[in-house]
Amino acid sequence: MVRYEGPDQATYLSGLAAGNYFFRVMAKGPQSAASSSWSQPFELQVVFVGTHQVILLSLIGLAGFTILVVSIMVGHRLSQREPKVLSS
């Protein structure tokens with residue numbers, strides 16, 4: 001099955017289900033020019049990240065973001081305080 005035909009030298013292919021796929025490429029010249037032969041097949045293995053890992057990484061990112069925001073807010077409040085004058 002031809003998945004793409006055109007002038008691109010790099011193409012992004014998405015929407016593949018998990019599994020193993022085999023691809024071959026062929027260079028084509030202008031309309032009257034000769035084409036190359038098909039390349040050797042190369043295998044692409046599509047694997048998805050597990051749900052537990054996605055949730056864990058999202059929670060770690062949320063924790064880091066929360067720490068950053070709280071640190072900025074605390075730092076801002078501390079910088080707005082009046083300096084204390086020490087009396088002798």
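Observations
- q = 0.12, 0.13, 0.16 Å⁻¹: log10 I(q)/I(0) that the Debye formula gives for the chain, counting C-alpha atoms only: -0.69, -0.74, -0.87
- Of the trypsin sites (Lys or Arg not before Pro) found in segment 28-88, those in coil by DSSP whose Cβ has at most 15 other Cβ atoms within 10 Å are Lys28, Arg81, Lys84.
- Helical runs (DSSP H, four residues minimum) scored at -39500 (n - 2.57) apiece and divided by the length of the chain put the mean residue ellipticity at 222 nm at -12500 deg cm²/dmol.
- Within segment 1-27: backbone nitrogen closer than 16 Å to the Trp38 label point (7 Å, Cα to C-beta): 1-5, 21-27
- Per-residue HN-Hα couplings for segment 58-67 [Karplus 6.51, -1.76, 1.60; θ = phi - 60°; Hz; x = Gly/Pro]: 5, 5, 5, x, 5, 4, x, 5, 4, 4
- Placing unit charges on each Cβ (+1 for Lys and Arg, -1 for Asp and Glu) gives the chain a dipole about its Cα centre, and among Val69, Ser35, Leu16 the Cα reaching farthest toward its positive end belongs to Val69.
FYI, it's all coordinate maths here, none of it is from the lab. Note that the coordinates shown come from a computational prediction; the quantities given were computed from them, not determined experimentally. As a convention, Cβ positions derive from the backbone with ideal geometry for all residues, glycine included, and neighbour counts pool all protein chains shown.
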